[in-house]
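K.L.:
Just passing along the structure, written as structure tokens.
The values are calculated or read from the model by the stated rules, or taken from the named source; none is laboratory data. This is a predicted model, so every value here is computed, not measured. In this analysis, Cβ positions are derived from the backbone assuming ideal geometry, glycine residues included, and neighbour counts consider all displayed protein chains.
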Amino acid sequence: MTVLSLLGLAAAVYAHPQATRTSEATEAAISSTSSASLLPLPAFQKLTRKCVHTDPSTECQPYTYPPVAQAMSSFPDIWEYAAKILPGDAAGHTKYASFNASIPKIAPKGTLTDSTKGTTYSDSDPDCWWTYSNCVKPKLSGLVPDVSDVPEPRTLGYGFDDGPYCGHNVWYDYLSSQNQKATMFYIGSNVMSYPLEAQRAITDGHEICVHTWSHNYMTATSNEGAFAELWYSLKAIKLVTGVTATCWRPPYGDVDDRIRYIAAQLGLETILWKYDTDDGSEGSDGVTPAVVQKNYDDFITKASQGAFNTVGAILLTHELTNFTMQTSMDYHPKLLQVFDHIVPISVAQNKTTPYLETNYTMPTFAEYIAGTTQTNGSTPASGSSSASASASGSLPAQVNPGSPTANGAAQPSDSSPSPSSSSGERTGKNNGVVGRLQVGSATPLSVFGAAVLAFCWL
Ligand SMILES: [Zn+2]
């Protein structure tokens, strides 16, 4: 394909920026080009798999979702580091002021793109810095341990980072076909970009946790920046789905006691992992599909040898690219062979009210393994004044951007043994290009973004 024809395709996409979907149901019903797009990747797809999952002319086409479009001015810029609480955000300022003075005096580390860069740090690991030591037991009193495994034996706490992703329908369809629920760690910017896709997680009965606003290294953020990264992610999820998350996962696992403390003030339990497929790094840093497959295989071997007979596991995987979702589908049957149960992390914790909105419930572990994998998961919380939705997929009617969306709810008690080795999450903003298309916002599809989409069609 010539450059001219490429630009022509870009222009065609740019001239066709609005999709017709109006609800979660209509978005979820968009069929992918075919399941063939998920078959083993041809060589050329090396160039495309970071773009979109299936057909960008349909599933990833920008659309306007009025509640998001109307609220954009109350949020940081999409995919930009949320360095500050916005001036008009009275609830945010009030909440931050309520604990600002008590934030641990731990200096930010490194840079936003690498918290280890230029950082000198004591071997004694005074901050329980996971990136340095895989520490999950805070040194600071009053903080509960991070969750890095699940209490139920022979059980996999199933979770995926970096969504929602505009091209995820085939994969969500697969999970539904298997009656398989999972924990989705959503990036706030992606939630604003793909609100109907985020709603599908609730409709399908998955659990949603926070994965920050801009996916930077959190121990590098300022105190206010760390707060804003979590606060606006919580607000985005609340705006779009009607629920307020009580769990989060730090990008790259980068957390220390300062960040844990700030997250705890927002009622967020810190969820890590002990085993890493490295799927999000596929295509970079020498991580080939074979490397990822070996990581999965090694994990499965451990499970088959009884490594999780006493305490279950959490494995790091991603909703990020065609490859990560395809590989998760490839390995789901294999994981089912070696684990007695694969459940969302909240289910493994018997945390039946995973959101502040207590009228929303998830099944108990016993219920889930008996076959009731979804209780009222298709009905996002309606008790809140700011948003509601119905089982048919109708949308939250309106939102009050200034209303508090999180508070300092007590953290559930949890304990985790010391971690074994883990290479950490290395995914970056691979999906940020698509995220920058800002579907549902007033920002039009960028020419650059259109060119990327057109490139995906090659
Ligand atoms: Zn991530």
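K.L.:
Considering every residue within segment 136-150, establish whether at least one is free of Cβ contacts under 8 Å to residues at least 60 places away in the same chain and within 16 Å of the ligand (Cβ to nearest atom).
P.N.:
Scanning segment 136-150, I find no residue that is free of Cβ contacts under 8 Å to residues at least 60 places away in the same chain and within 16 Å of the ligand (Cβ to nearest atom), so the answer is no.
K.L.:
Here is a follow-up. In segment 176-208, which residue that is among the β-branched types (Val, Ile, Thr) and in a helix (DSSP H, G or I) is farthest from the ligand (Cβ to nearest atom)?
P.N.:
First, pick out the residues of segment 176-208 that are among the β-branched types (Val, Ile, Thr): 183, 187, 191, 202-203, 208.
Next, only the ones that are in a helix (DSSP H, G or I) stay: 191, 202-203.
Values: VAL191: 14, ILE202: 20, THR203: 23 Å.
Taking the candidates together, the pick is THR203.
K.L.:
Another question, then. Restricting to segment 246-262, name every residue that is within 14 Å of the ligand (Cβ to nearest atom) and part of a helix (DSSP H, G or I).
P.N.:
Answer for segment 246-262, where residues must be within 14 Å of the ligand (Cβ to nearest atom) and part of a helix (DSSP H, G or I): PRO251, TYR252, GLY253.
K.L.:
Can you name every residue in segment 241-277 that is among the acidic types (Asp, Glu), buried (at least 24 other Cβ atoms within 10 Å of the Cβ) and under 25 Å from LEU156 (Cα atoms)? Even if it seems obvious, please write down each step before you answer.
P.N.:
First pass over segment 241-277, keeping only residues among the acidic types (Asp, Glu): 254, 256-257, 269, 276.
Restricting the remaining residues to those that are buried (at least 24 other Cβ atoms within 10 Å of the Cβ) gives 254, 256, 269.
Hits for segment 241-277 are ASP254, GLU269.
K.L.:
Test LEU86 against the stated conditions and say whether it is modelled with pLDDT under 95 and either at negative phi or buried (at least 20 other Cβ atoms within 10 Å of the Cβ) (or both). Talk me through it step by step, then tell me what you get.
P.N.:
On the way: modelled with pLDDT under 95: no; either at negative phi or buried (at least 20 other Cβ atoms within 10 Å of the Cβ) (or both): yes.
Judged against the criteria, LEU86 is not a match.
K.L.:
Could we say that CYS166 is assigned to a loop (DSSP other than H, G, I, E, B), more than 19 Å from ARG258 (Cβ to Cβ) and not polar (S, T, N, Q) here?
P.N.:
Values: assigned to a loop (DSSP other than H, G, I, E, B): yes; more than 19 Å from ARG258 (Cβ to Cβ): yes; not polar (S, T, N, Q): yes.
Yes.
K.L.:
Spot the failing condition for THR310; the list is (1) in contact with a Lys or Arg (Cβ under 6 Å, 6 or more places away or on another chain); (2) within 26 Å of THR270 (Cβ to Cβ); (3) of a type outside the set (Phe, Trp, Tyr), and only one is missed.
P.N.:
(1)
Residues are listed down the side, and each one gets a yes or a no for (1) out of contact with any His (no Cβ under 7 Å at 6 or more places or on another chain); (2) under 29 Å from LYS238 (Cα atoms); (3) at pLDDT below 95; (4) not small (Gly, Ala, Ser):
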| site | (1), (2), (3), (4) |
| --- | --- |
| ALA290 | yes, no, no, no |
| GLN293 | yes, no, no, yes |
| LYS302 | yes, no, no, yes |
| LEU315 | yes, yes, no, yes |
| ASN322 | no, yes, yes, yes |
| PHE339 | yes, no, no, yes |
| ILE342 | yes, yes, no, yes |
| SER346 | yes, yes, no, no |
| TYR360 | yes, yes, yes, yes |
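K.L.:
In segment 225-238, is there at least one residue being touching a helix residue (DSSP H, G or I) at 6+ places or on another chain (Cβ under 9 Å), within 16 Å of the ligand (Cβ to nearest atom) and not in a helix (DSSP H, G or I)?
P.N.:
Looking through segment 225-238, none of the residues is touching a helix residue (DSSP H, G or I) at 6+ places or on another chain (Cβ under 9 Å), within 16 Å of the ligand (Cβ to nearest atom) and not in a helix (DSSP H, G or I).
K.L.:
Could you please let me know if SER214 is at pLDDT below 95, part of a loop (DSSP other than H, G, I, E, B) and within 16 Å of the ligand (Cβ to nearest atom)?
P.N.:
No: the conditions fail for SER214.
K.L.:
From LYS117, LYS95, which residue is of a type in the set (D, E, K, R), out of contact with any Lys or Arg (no Cβ under 9 Å at 6 or more places or on another chain) and more than 27 Å from THR321 (Cα to Cα)? Reasoning before the result, please.
P.N.:
Values: LYS117 fails: out of contact with any Lys or Arg (no Cβ under 9 Å at 6 or more places or on another chain).
Exactly one of LYS117, LYS95 is of a type in the set (D, E, K, R), out of contact with any Lys or Arg (no Cβ under 9 Å at 6 or more places or on another chain) and more than 27 Å from THR321 (Cα to Cα), namely LYS95.
K.L.:
Something else about it: Tell me which residues, restricted to segment 263-280, are within 16 Å of the ligand (Cβ to nearest atom), touching an Asp or Glu at 6+ places or on another chain (Cβ under 9 Å) and charged (D, E, K, R).
P.N.:
Initial filter on segment 263-280 (within 16 Å of the ligand (Cβ to nearest atom)): 263, 268, 270-273, 275-280.
Narrowing further to those that are touching an Asp or Glu at 6+ places or on another chain (Cβ under 9 Å): 263, 270-273, 275-276, 278, 280.
ASP276, ASP278, listed by residue number.
K.L.:
Now, a different point. Give the residues of segment 284-326 that are surrounded by 16 or more Cβ atoms within 10 Å (Cβ to Cβ), within 16 Å of the ligand (Cβ to nearest atom) and either part of a strand (DSSP E or B) or not aromatic (Phe, Trp, Tyr) (or both), sorted by residue number.
P.N.:
If the condition is that a residue be surrounded by 16 or more Cβ atoms within 10 Å (Cβ to Cβ), within 16 Å of the ligand (Cβ to nearest atom) and either part of a strand (DSSP E or B) or not aromatic (Phe, Trp, Tyr) (or both), then VAL287, VAL292, ILE314, LEU315, LEU316, THR317, HIS318, GLU319, LEU320, THR321, THR324, MET325 are the ones that fit.
K.L.:
Here's a follow-up. Which pairs turn up if I take residues in segment 215-226 that are closer than 15 Å to ARG249 by Cα and look for partners that are of a type in the set (Gly, Ala, Ser) and away from the ligand (no atom under 11 Å from the Cβ) with beta carbon separation below 7 Å, at least 6 apart in sequence or on another chain?
P.N.:
If the second residue must be of a type in the set (Gly, Ala, Ser) and away from the ligand (no atom under 11 Å from the Cβ), the pairs left are TYR217/GLY110; TYR217/SER115; MET218/ALA226; THR219/SER115.
K.L.:
Also, I was wondering about something else. Could you list, in sequence order, the residues of segment 218-244 that are touching a Leu at 6+ places or on another chain (Cβ under 6 Å) and under 21 Å from VAL147 (Cα atoms)?
P.N.:
Residues satisfying the conditions are LEU230, THR244.
K.L.:
Exactly one condition in (1) among the charged types (D, E, K, R); (2) on the phi < 0 side of the Ramachandran plot; (3) more than 16 Å from the ligand (Cβ to nearest atom) is false for ARG154; which is it?
P.N.:
All conditions are met except number (2).
K.L.:
Kindly indicate whether any position in segment 89-99 is in a loop (DSSP other than H, G, I, E, B) and either of a type in the set (Asp, Glu) or more than 27 Å from ILE259 (Cα to Cα) (or both).
P.N.:
First, pick out the residues of segment 89-99 that are in a loop (DSSP other than H, G, I, E, B): 89, 98-99.
Cutting the leftovers down to either of a type in the set (Asp, Glu) or more than 27 Å from ILE259 (Cα to Cα) (or both) gives us 89.
Looking for residues that are in a loop (DSSP other than H, G, I, E, B) and either of a type in the set (Asp, Glu) or more than 27 Å from ILE259 (Cα to Cα) (or both), one finds at least one in segment 89-99, hence yes.
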